[in-house]
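Novice: Please read through the structure below; I'll follow up with questions.
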Amino acid sequence: MPTEEPPGLTRDAVVRAAMRVLEREGVDGLSMRKVAAELDVKAASLYWHVRDKRELLDLLTDGLMADAQAPPRRGDWRAQFRDYFTAYRRHLLGRRDAAKVMAGRFGLGPHMLRFTEDQLSRLREAGFSDADATMATYLLGTYVQGFVLQEQTPLTAAETAGVGRREVATAIAEHLRALPAETFPHLVRLAGDLTGPTMDERFAFGLERILDGLATRLP
């Protein structure tokens, strides 16, 4: 650790610089050295505020939610959480590798705590037990993060090489239809259904089924 803290360098400045590097290079390209270069300081200077890249990712988890907004409390709990997690998906999609940074992390920064408190409050007001409210918050958050991770992962090598996702899905459907029907009758018959829905449709279907399940836990 350096013997003297660099003047003007704050933890917030480190997080903002890390977010710029994340947007430019993705989570795989994020490093303490690159964040230091973004701030025009030596890497050792960062250790006044951040121990290592893992702690930096913890801070980014909160920083990525700084400008997110909770939906208004209108409608029943189901309508509120449909809006909540649809907006959360859009928020993650709008920030490079946000789902990779946040998946699996329990955010303890002020922005994440604000959202978790708000969600728990809405669920308990709706009549969910304490245990079910906490489980529901975890379930919904991990569903969105996991979905976005899937959504941002190329379907095949062709998509990685630059082919559009719809074209890739069409090629997959054609491949499935060409399979021997006596061996793969359902894959042949349902090729279009497997590859046809948009990601918006898939997300909405999964979210509605989760909300269906949660509704059975109400008194």
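The values are calculated or read from the model by the stated rules, or taken from the named source; none is laboratory data. All values derive from a computational prediction rather than experimental measurement. Neighbour counts are summed over all protein chains in view; Cβ atoms, including those assigned to glycine, are modelled from backbone coordinates with ideal geometry.
Novice: Output the number of the condition that Phe203 fails; it satisfies all remaining conditions of (1) touching a Ser or Thr at 6+ places or on another chain (Cβ under 7 Å); (2) surrounded by 15 or more Cβ atoms within 10 Å (Cβ to Cβ).
Specialist: Single failed check for Phe203: (1).
Novice: Let me ask something else. Scanning for something over 23 Å from Thr153 (Cα atoms), touching a residue at least 60 places away in the same chain (Cβ under 8 Å) and in a helix (DSSP H, G or I), does the stretch 94-109 turn up at least one residue?
Specialist: no
Conditions (1) crowded, with 17+ Cβ neighbours inside 10 Å; (2) touching a Phe, Trp or Tyr at 6+ places or on another chain (Cβ under 7 Å), marked per residue:
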position	(1), (2)
Arg51	no, no
Leu57	yes, no
Gly107	yes, no
Phe128	yes, no
Ala136	yes, yes
Leu140	yes, yes
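Novice: Let me ask you something else. Tell me the residue from Ala133, Ala98, Ala87, Ala157 that is outside the structural domain of Ala18 (by TED's automatic domain parsing) and either within 21 Å of Thr195 (Cβ to Cβ) or in contact with a strand residue (DSSP E or B) (Cβ under 9 Å, 6 or more places away or on another chain) (or both), please. First the steps, then the outcome.
Specialist: Numbers: Ala133 fails: either within 21 Å of Thr195 (Cβ to Cβ) or in contact with a strand residue (DSSP E or B) (Cβ under 9 Å, 6 or more places away or on another chain) (or both); Ala98 fails: either within 21 Å of Thr195 (Cβ to Cβ) or in contact with a strand residue (DSSP E or B) (Cβ under 9 Å, 6 or more places away or on another chain) (or both); Ala87 fails: either within 21 Å of Thr195 (Cβ to Cβ) or in contact with a strand residue (DSSP E or B) (Cβ under 9 Å, 6 or more places away or on another chain) (or both).
Just one listed residue meets the conditions, Ala157.
Novice: Related question: Anything in the stretch 34-79 that is more than 30 Å from Ala215 (Cα to Cα) and of a type in the set (Phe, Trp, Tyr)? List them, or say none.
Specialist: Those that are more than 30 Å from Ala215 (Cα to Cα) and of a type in the set (Phe, Trp, Tyr): Tyr47, Trp48.
Novice: Can you name the residue in the stretch 121-158 that is of a type in the set (A, V, I, L, M, F, W, C) and not in a helix (DSSP H, G or I) and is also farthest from Val101 (Cα to Cα) among such residues? Explain how you work it out, then say what you get.
Specialist: Our first condition is that a residue be of a type in the set (A, V, I, L, M, F, W, C); within the stretch 121-158, this holds for 123, 126, 128, 131, 133, 135-136, 139-140, 144, 147-149, 155, 157-158.
From what is left, the residues that are not in a helix (DSSP H, G or I) are 128, 155.
Numbers: Phe128: 30, Leu155: 21 Å.
So the residue we want is Phe128.
Novice: Could you please find all residues in the stretch 45-82 being part of a helix (DSSP H, G or I), over 30 Å from Arg217 (Cβ atoms) and touching a helix residue (DSSP H, G or I) at 6+ places or on another chain (Cβ under 9 Å)? Explain how you work it out, then say what you get.
Specialist: Residues of the stretch 45-82 part of a helix (DSSP H, G or I): 45-48, 53-63, 77-82.
Going one step further and asking which of them are over 30 Å from Arg217 (Cβ atoms), we end up with 45-48, 53-60, 63.
Selection gives Ser45, Leu46, Tyr47, Trp48, Lys53, Leu56, Leu57, Leu59, Leu60, Gly63.
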